[in-house]
């Protein structure tokens with residue numbers, strides 16, 4: 001390995017605009033990446049890790065400015081013209097990196113043309129070679145396809161192919177797996193490591209997930225509020241973190257619940273589904289009609305005071321099943337009972353008395369709240385709709401805001417004045433304002449940083465113990481499911497592949513798909529946590 005690092009940052013500081021909550025986005029940051037090395041920048045939102053990547057690329061927003069320090073690439077001052085050819089970039093959201101109205105092959109060839117590759121035939125040959133290098137099936141078909149015709153994981157592989165177009169010496173990957181399912185994430189991490197090793201390039205990997213760090217990093221730099229608070233080899237940092245913030249991040253990784261003693265008598269069901277199926281109808285071409293079986297013969301039971309997890313990848317039917325249970329879709333067949341009432345004749349819509357007792361917390365807290373409505377009014381409104389007086393609703397809103405960890409003074413503030421984790425707490429308070437018996441949490445923590453995620457999971461458990469509601473917890477992350485669920489239903493392509501108590505699913509999975517999901521969990525070896533490896537046959 002060469003003594004000259006591919007990338008070196010020396011005492012780099014980047015200032016924030018006047019009036020920000022701190023003076024610098026990054027302060028006195030130094031790091032180095034050697035050939036063949038993967039360095040992970042780790043931290044929560046606002047830690048300065050993405051700004052560091054932007055500084056290396058020379059694409060800092062106009063409001064930010066590098067005020068001190070130097071950035072060197074292969075021993076010389078960084079020239080931003082090296083972007084694309086010698087420095088490749090992979091961003092978090094692949095669909096935002098691809099033009100929806102251009103074929104994938106045309107977009108790859110455009111990158112090659114911009115950087116001087118002459119000849120249409122040469123560009124096409126190189127594009128197909130890149131698609132094959134990132135292990136995409138049928139490169140010719142992908143070359144002709146539009147972005148919406150490929151999966152999220154395939155779209156991310158296309159973005160990686162673009163970044164590798166000129167065999168760059170440095171790859172910068174900014175949260176490249178955050179939006180992906182665990183199995184797709186595992187594939188992308190493995191692919192990045194293989195490509196980096198084969199080319200001897202450096203990899204600057206930016207993430208908030210220490211489980212991912214354990215699987216891919218050689219060296220780690222932990223950032224908090226723009227400062228590097230800890231750095232070192234991945235094994236040392238994750239197994240014996242020295243700084244309190246690093247210890248906090250490690251502790252925040254989802255921990256599997258302790259085994260629960262089987263109750264002598266299980267509580268009564270509050271929601272039952274028997275043989276529920278849902279088919280979506282569409283058309284292809286001018287006249288041909290198609291049917292897609294989104295949910296197929298699904299049965300489950302949710303009991304009072306317990307949490308039932310619905311786990312599966314994108315396209316597994318999780319959200320379609322929830323829409324059936326909420327009577328937002330007309331199911332093809334099957335029966336649903338809510339609080340003992342058969343809902344067969346209800347059509348698409350729930351009676352008000354049932355809506356009051358069944359509430360939902362959605363994935364994105366940023367779009368779930370009216371930006372022009374004060375948060376206290378948003379919580380109180382839910383109670384007023386279901387019969388509370390104005391005074392009762394206001395009192396209940398203040399009590400709930402305090403119960404989810406926000407001060408009573410928060411009542412008059414607007415959503416933009418809160419962080420993502422605080423907004424999700426507001427959404428939980430609003431859902432609880434009607435005193436529901438069933439709470440549906442649909443990917444309610446997947447968009448949050450790990451420490452905020454841990455706080456919300458703990459809040460769910462605390463509120464459930466105190467208020468006694470049943471919870472249907474929908475997630476693609478088995479680590480999260482293991483931390484909160486009593487029972488789990490694993491879905492694939494709309495069908496139940498496995499169902500049972502949480503301990504049985506994790507300790508003795510019977511279906512190969514469940515074992516594949518467990519194998520794909522980051523950090524199975526447990527350097528950053530205590531998540532168990534899958535056991536059982538296979």
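Values quoted throughout were computed directly from the atomic coordinates according to the rules given, and no laboratory measurement underlies them. Bear in mind the structure is a predicted one, so any value in this text is a computation, not a measurement. Positions of Cβ are backbone-derived with ideal geometry, glycine not excepted, and every protein chain shown enters the neighbour counts.
Using only the Cα atoms of the chain, build the gyration tensor, take square roots of its eigenvalues as a ≥ b ≥ c, and label the shape rounded, prolate or oblate: rounded if a/c is under 1.5, else prolate if a/b is larger than b/c, else oblate. Prolate, because a/c is 1.5 or more and a/b exceeds b/c. Projecting label points 7 angstrom from Cα along Cα→Cβ for residue 30 and residue 341 puts them 6.8 nm apart. Based on C-alpha pairs under 8 angstrom that are at least 6 apart in sequence, the stretch 27-143 has a relative contact order of 15 percent. Mean residue ellipticity, 222 nm, helices only, the chain: the sum of -39500 (n - 2.57) across DSSP H runs of n ≥ 4, divided by residue count and rounded to 500, is -10000 deg cm²/dmol.
Normalising by the residue count of the chain, find the relative contact order in percent from Cα pairs under 8 Å and 6+ residues apart.
Values: 1076 pairs, mean separation 81.1, N = 538.
Relative contact order, the chain: 15 percent.
Going by alpha carbons, how many degrees (0 to 90, nearest 10) lie between the helix axis of 375-385 and the longest principal axis of the chain? Computed tilt is about 30 degrees. Residues 148, 386 in ascending order of nearby Cβ atoms (within 10 Å, fewest first): 148, 386.
For the stretch 166-314, what does the alpha-carbon gyration tensor say about shape, rounded, prolate or oblate, given a ≥ b ≥ c as the root eigenvalues, a/c under 1.5 as rounded, and a/b over b/c as prolate? It is oblate, given that a/c is not under 1.5 and a/b is not larger than b/c.
Express in nm, to one decimal, how much length is gained between residue 4 and residue 292 on full extension, taking 0.36 nm for each residue of separation and deducting their alpha carbon distance. Walk me through the numbers on the way to the answer.
Values: separation 288, 0.36 × 288 = 103.68 nm, distance 5.59 nm.
Using 0.36 nm per residue and subtracting the Cα-Cα distance, I get 98.1 nm.
With a Förster radius of 51 Å applied to the C-beta separation of residue 413 and residue 118, the computed FRET efficiency comes to 0.30.
Highest mean first, how do 184-192, 454-462 rank when packing is the count of other Cβ atoms within 10 Å averaged over residues? It would help to have the intermediate numbers written out before the result.
Values: 184-192: 20.0, 454-462: 18.3.
Listed from highest to lowest mean packing, they are 184-192, 454-462.
FRET efficiency for the residue 364 to residue 236 pair, using the beta carbon distance and R₀ = 41 Å, is estimated at 0.65. The angle separating the long axis of helix 182-199 from the principal Cα axis of greatest extent in the chain is about 10 degrees.
Quick one: compute the contact order of the stretch 264-349, relative version, from alpha carbon pairs under 8 angstrom and 6+ residues apart, as a percent.
Values: 145 pairs, mean separation 32.0, N = 86.
Value for the stretch 264-349: 37 percent.
In the chain, the longest principal axis of the Cα atoms and the axis of helix 420-432 are about 10 degrees apart. Using a ≥ b ≥ c from the Cα gyration tensor of the stretch 269-519 (square roots of the eigenvalues), is it rounded, prolate or oblate, where a/c under 1.5 gives rounded and otherwise the larger of a/b and b/c decides, a/b for prolate? Judged from the Cα gyration tensor, the stretch 269-519 comes out prolate (a/c at least 1.5, a/b above b/c).
I'd like the antiparallel share, as a percent to the nearest 5, of DSSP beta bridges with both residues in the stretch 269-519. Intermediate results must be reported in sequence, preceding the final value.
On the way: 25 of 43 bridges.
About 60 percent, rounded to the nearest 5.
Taking every DSSP bridge with both residues inside the chain, close to 55 percent are antiparallel.
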